[in-house]
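Here the structure is laid out as structure tokens; the discussion comes afterwards.
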Amino acid sequence: MSKLSIMAYTFGALLFLVSFSMSIFYGYKVVAHDLPVEKKTQAKFHYHFVLVPEELDNEYWRLVEKGAKEAAKENGVMLEYTGPKQANIDDHLKTIEMSAASKVDGIITQGLSDEQFTPLINRVEAGGIPVITIDTDASNSNRRAYIGTDNYLSGYLAGKALITDTKGQANVAIITGSFYANHQQQRVKGFRDAVKVEKGIHIVDVEESEISRVRAAEKTYQILQAHPEVNAFFGTSALDDIGIAQVVEQYKKQDRIYIIGFDTLPETLEYIRKGTIKATVVQEPYEMGYGAVKMMIDLIKGKSVPPIIHTNTRIMRLEDLPLDKHGGVEESQ
Ligand code: BGC
């Protein structure tokens, strides 16, 4: 081989190496890094669902989100959790509307009131997007299915528990999340029906907290001023009993006042442990979220889905809390 051809050969080989490594480098860059974000996510998910809660940072709704995210992860679903920062009907409705406009594959939300939610749910369904109600049903709407507590029954159970615990003698004040929301109305109705046969039980006042613990505390204070005969409270949404308990402790009335609330948030369990809250209605928010995503997938796949799935509801008292290894009542998760 002549010197010239060796040089030409070496140059050619070098050129090949450089262009080969550049093509690998840039090829890799295009595939792994330059792909638009949506394409990368689209490739990973089969469906895109939206879960719209009543209040984004509410601990109860965070549990619903946790269950929904778990089912989404297991089934290749992109789950968006979005809605009002603080309970607000207009924001809630707007979020549902925007989700429908962006053509998601399914919407999971509450059916808070018939006047506002039913027409919107019907419009979304008519546009071809399935809606599942969760926690609160809009049973007169065209929603495909409901998953959540039987809200009437849960209020009824609370009423029966109060009768047992107070031996049928109590002047009761109710603090409810909202006068207008379906589930809150049903809980109050169930409670009223349970206690109406008891001559010694009187419902003295019903006030609204707008699902805010601060408002629940304010209302408790006002009730105690206006009705000193009140010796029992029923809080019908997750933060109501916490607000009630704060005020009752502040005025050192925990020995005289019976409290029954809703849900098993860590603070509620803490008040049960201390004896300030005597009982609570257990709901299953994690299971609601998990089940709703599974139901939505089944619906889209054309499988039959029961129109109503009631998650478990029961009463919890101090003696029902699990014991820790030292024999005390276990810390909540
Ligand atoms: C209800 C939810 C509500 C929450 C408010 C729960 O008991 O089921 O609908 O948003 O309380 O804290």
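The values are calculated or read from the model by the stated rules, or taken from the named source; none is laboratory data. What you see is a predicted model; the values in this text were computed from it and never measured. Cβ sites come from the backbone with ideal geometry, for glycine too, and all protein chains shown count toward neighbours. For accessibility, only protein heavy atoms count, side chains too; no ligands or nucleic acids. Shrake-Rupley method; radii C 1.70, N 1.55, O 1.52, S 1.80 Å.
Taking first residues from the stretch 183-197 that are over 10 Å from Y152 (Cβ atoms) and assigned by TED's automatic domain parsing to the domain that holds G168 and partners that are assigned to a loop (DSSP other than H, G, I, E, B) and within 13 Å of the ligand (Cβ to nearest atom), the Cβ contacts under 8 Å between residues at least 6 apart in sequence or on separate chains come to Q184/G177; Q184/S178; Q184/T236; Q184/S237.
Quick grid of which residues meet (1) out of contact with any strand residue (DSSP E or B) (no Cβ under 9 Å at 6 or more places or on another chain); (2) closer than 30 Å to E287 by Cβ; (3) assigned to a helix (DSSP H, G or I):
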{"residue": "G155", "(1), (2), (3)": "no, yes, yes"}
{"residue": "D165", "(1), (2), (3)": "no, yes, yes"}
{"residue": "Q184", "(1), (2), (3)": "no, yes, yes"}
{"residue": "K189", "(1), (2), (3)": "yes, yes, yes"}
{"residue": "E210", "(1), (2), (3)": "yes, yes, no"}
{"residue": "T220", "(1), (2), (3)": "no, no, yes"}
{"residue": "E229", "(1), (2), (3)": "no, no, no"}
{"residue": "A238", "(1), (2), (3)": "no, yes, no"}
{"residue": "I260", "(1), (2), (3)": "no, yes, no"}
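Among the residues of the stretch 260-282, those that are hydrophobic (A, V, I, L, M, F, W, C), more than 10 Å from the ligand (Cβ to nearest atom), surrounded by fewer than 24 Cβ atoms within 10 Å (Cβ to Cβ) and in contact (Cβ under 8 Å) with a residue 40 or more places away in the chain comprise L269, A279. Contact annotation: residue pairs with Cβ atoms under 6 Å, 6 or more positions apart or on different chains, pairing a residue in the stretch 73-87 that is within 16 Å of the ligand (Cβ to nearest atom) with a partner that is at pLDDT 95 or above and open to solvent by 50 Å² or more (accessible area, probe 1.4 Å), are P84/D91. Residues in the stretch 210-219 that are open to solvent by less than 50 Å² (accessible area, probe 1.4 Å), within 17 Å of Q184 (Cβ to Cβ) and free of Cβ contacts under 8 Å to residues at least 60 places away in the same chain: A216, K219. A single entry from D150, D165, D135 fulfils the requirement of being at pLDDT 95 or above, within 16 Å of the ligand (Cβ to nearest atom) and open to solvent by 30 Å² or more (accessible area, probe 1.4 Å): D150. Regarding G128, is this residue under 30 Å from N231 (Cβ atoms) and at pLDDT 95 or above? So G128 does not fit the description; no. Restricting the search to the stretch 57-72, which residues are open to solvent by less than 30 Å² (accessible area, probe 1.4 Å) and farther than 13 Å from P285 by Cα? Correct list: A71, A72.
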